[in-house]
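Structure first, commentary second.
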Amino acid sequence: MTTNQIKKTPLNETHRRMGARMIDFGGWDMPVQYPAGTIEEHLTVRRAVGLFDVSHMGELEIRGRQALDLVQRVTSNDASRLSDGQIQYSALTSPHGGFIDDILVHRFASDHYFICVNASNADKDDNWVREHAGEFDAEVINRSADFSQLAVQGPQALALLRTLTNVRLDSIRYYWFTRGEVAGIDCIISRTGYTGEDGFELYCNPANVEALWNRIIEAGEPLAILPCGLAARNTLRLEAKMALYGNDIDTETTVLEADLAWIFKPEKGDFIGRDRLLEQKDAGITRKLVGFEVVGAGIARDHYPAFVGDRQAGIVTSGSPAPFLRRNIGLAYLPIELTAIGTPFEIDVRGRRINAIVVQTPFYKRAR
C-alpha cells in the first residue's frame, strides 16, 4: 500500500500536532503512542482516564422487517435476547465455525441493528453480510464513512463526561447505549470499551469529531487525562484478555477454540457455522486459547513458538509486559491436555527457552 492509499481519520493532523508517533495499522495512519509513552498511557487508563481515537473502526447497519433474522443468520450469539438500547458481543462466523470477525451488535429497534466491526475487516464484513442477505427482507448499509468514534476509558470516564452532557450516564448499564449530546454534539453513547475499564465509546459525525476530542481533552485536564495510542490499547486489552482479530482469532480459529463458548448459542436456531461448532462441541476441542505468565525473566512476544520438551505444542498469539500487573503475560493456543491452570511449558525466545505457566484469565479484572 502506497502512502497515498493509507487511510486517515479526521483527527490525523490533531495527533501529529500532539506529538504522536504514527504507524500504518491495517492500512490506516494511526497514533501508536504520544510523548508520555505507552506505559504512562496504560497506567493513566487504569488509574484515571484516557482518550482514544478509534475512528478507523467500521460500522454496518441492518434495517428492515427481517433485520433480526439476518443478524441471527450471520452471527453466533442470540440477538433475539437484546432489548432496544442493548449491545451484544458476537461473531460473524464462517461455515466451519471460524471468525469472519468479532463484532458488537447494537439493537436500536426490532427492525434496526447497528454493528461495530474491526477496521481491517469492514469491507470484508460488509460483503459477507450482503452475500447472505438476499433471502431476507432487510437492507445492509455500510455506515463506516458516516461515523467517527472516540473511546473515553478509565475509572474517571464517567466523572469527566458528566461535565459535558445532560445525559444520565450512570443510568447506562455496561453494554447498553443511548443517543444524546456530548459537548453539544449529537452522539451514540455506549458503555463499552476495549481496555477492561469502565468507560464510554462515542460515535459522532466525522465533521464534529475534532471539536469533541478537544472538548474532552480540555475537560479532562483536572483529571490528568492523556491521549492514548494503539500500543496502550493493546496492552490494556491483553491484561483484560480481550481477543485481537488477526492474532488471537481469525478464520482458522473457531469460537470454541478461542475460549468464547459463551457467544455460541445453537439453541437459537440455524446460523452459519452452527453445525460445525456443534460437531466440535460433541467431539471435544483439541486446542484452546489460554492465558499464561512467564516465570522468571523474559518476554514472550507475538508468534513465538511454545514447547513441551522437544515438541512444539503451540504458538503465542499475543504477548507483552503487563504495565499495571508488572508481569510478562500472553495468550497462546495449546493442546487441550496442556490447558489446565498451573500447567508448565516453555517458549522459544529467539533461540532461548523461557518458562511459562498457564494461569487464570482475565489477568486483570477491575473492581466494580
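The values are calculated or read from the model by the stated rules, or taken from the named source; none is laboratory data. This one's a predicted model, so the numbers in the text were calculated from it and none came from an experiment. Backbone-built Cβ (ideal geometry, glycine too); neighbour counts: all protein chains shown.
Here's a check for you: in region 262-278, which residue that is in contact with a Pro (Cβ under 7 Å, 6 or more places away or on another chain) and in a loop (DSSP other than H, G, I, E, B) is surrounded by the most Cβ atoms within 10 Å (Cβ to Cβ)?
Step by step, filter region 262-278, then rank; the result is 273.
So which of 98, 50, 27, 58 is modelled with pLDDT under 95 and within 19 Å of the chain's Cα centre (by Cα)?
Criteria check complete, one pass: 27.
Specify which of the listed residues (329, 341, 347, 354) is surrounded by fewer than 14 Cβ atoms within 10 Å (Cβ to Cβ) and aliphatic (A, V, I, L, M).
341
Of everything in region 296-329, what is assigned to a loop (DSSP other than H, G, I, E, B) and within 28 Å of residue 44 (Cα to Cα)? Give them in sequence order.
296, 297, 298, 299, 300, 301, 302, 323, 324, 325, 326
Among 334, 277, 289, which is the only one that is among the hydrophobic types (A, V, I, L, M, F, W, C), within 19 Å of residue 249 (Cα to Cα) and in contact (Cβ under 8 Å) with a residue 60 or more places away in the chain?
Within the list 334, 277, 289, the selection yields 277.
Cβ-Cβ under 8 Å, sequence separation 6+ or interchain: first residue in region 127-149 and without any contact (Cβ under 8 Å) to a residue 40 or more places away in the chain, partner of a type in the set (Val, Ile, Thr). Which pairs?
Filtered contacts from region 127-149: 130/140.
Going by the structure shown, is residue 338 among the hydrophobic types (A, V, I, L, M, F, W, C) and out of contact with any helix residue (DSSP H, G or I) (no Cβ under 8 Å at 6 or more places or on another chain)?
yes
Just one of the numbered conditions (1) closer than 25 Å to residue 29 by Cα; (2) modelled with pLDDT of 95 or more is not true of residue 120; which one?
(2)
Condition first: surrounded by fewer than 21 Cβ atoms within 10 Å (Cβ to Cβ), farther than 27 Å from residue 230 by Cα and of a type in the set (D, E, K, R). Now tell me which residues in region 98-140 satisfy that.
111, 130, 131, 135, 137, 139 - these are the residues of region 98-140 that are surrounded by fewer than 21 Cβ atoms within 10 Å (Cβ to Cβ), farther than 27 Å from residue 230 by Cα and of a type in the set (D, E, K, R).
Scan region 66-81 and give yes if some residue there is surrounded by 16 or more Cβ atoms within 10 Å (Cβ to Cβ), under 18 Å from residue 246 (Cβ atoms), among the polar types (S, T, N, Q) and modelled with pLDDT of 95 or more, otherwise no.
Looking for residues that are surrounded by 16 or more Cβ atoms within 10 Å (Cβ to Cβ), under 18 Å from residue 246 (Cβ atoms), among the polar types (S, T, N, Q) and modelled with pLDDT of 95 or more, one finds none in region 66-81, hence no.
Any idea which of 65, 107 is out of contact with any Cys (no Cβ under 8 Å at 6 or more places or on another chain) and in contact (Cβ under 8 Å) with a residue 40 or more places away in the chain?
65
Return yes or no: is residue 135 closer than 25 Å to residue 63 by Cβ, among the acidic types (Asp, Glu) and assigned to a strand (DSSP E or B)?
It is false that residue 135 is closer than 25 Å to residue 63 by Cβ, among the acidic types (Asp, Glu) and assigned to a strand (DSSP E or B).
Do we find that residue 285 is out of contact with any Gly (no Cβ under 8 Å at 6 or more places or on another chain), in a loop (DSSP other than H, G, I, E, B) and of a type outside the set (D, E, K, R) in this structure?
yes
Would you tally the residues in region 80-100 being touching a residue at least 60 places away in the same chain (Cβ under 8 Å), closer than 25 Å to residue 172 by Cβ and not hydroxyl-bearing (Ser, Thr, Tyr)?
Result for region 80-100: 5.
Looking only at residues that are surrounded by fewer than 23 Cβ atoms within 10 Å (Cβ to Cβ) and among the aliphatic types (A, V, I, L, M) in region 82-95, which one is farthest from the chain's Cα centre (by Cα)?
Here the answer is 82.
Take residue 262 and tell me if it is closer than 30 Å to residue 46 by Cβ and without any contact (Cβ under 8 Å) to a residue 12 or more places away in the chain.
yes
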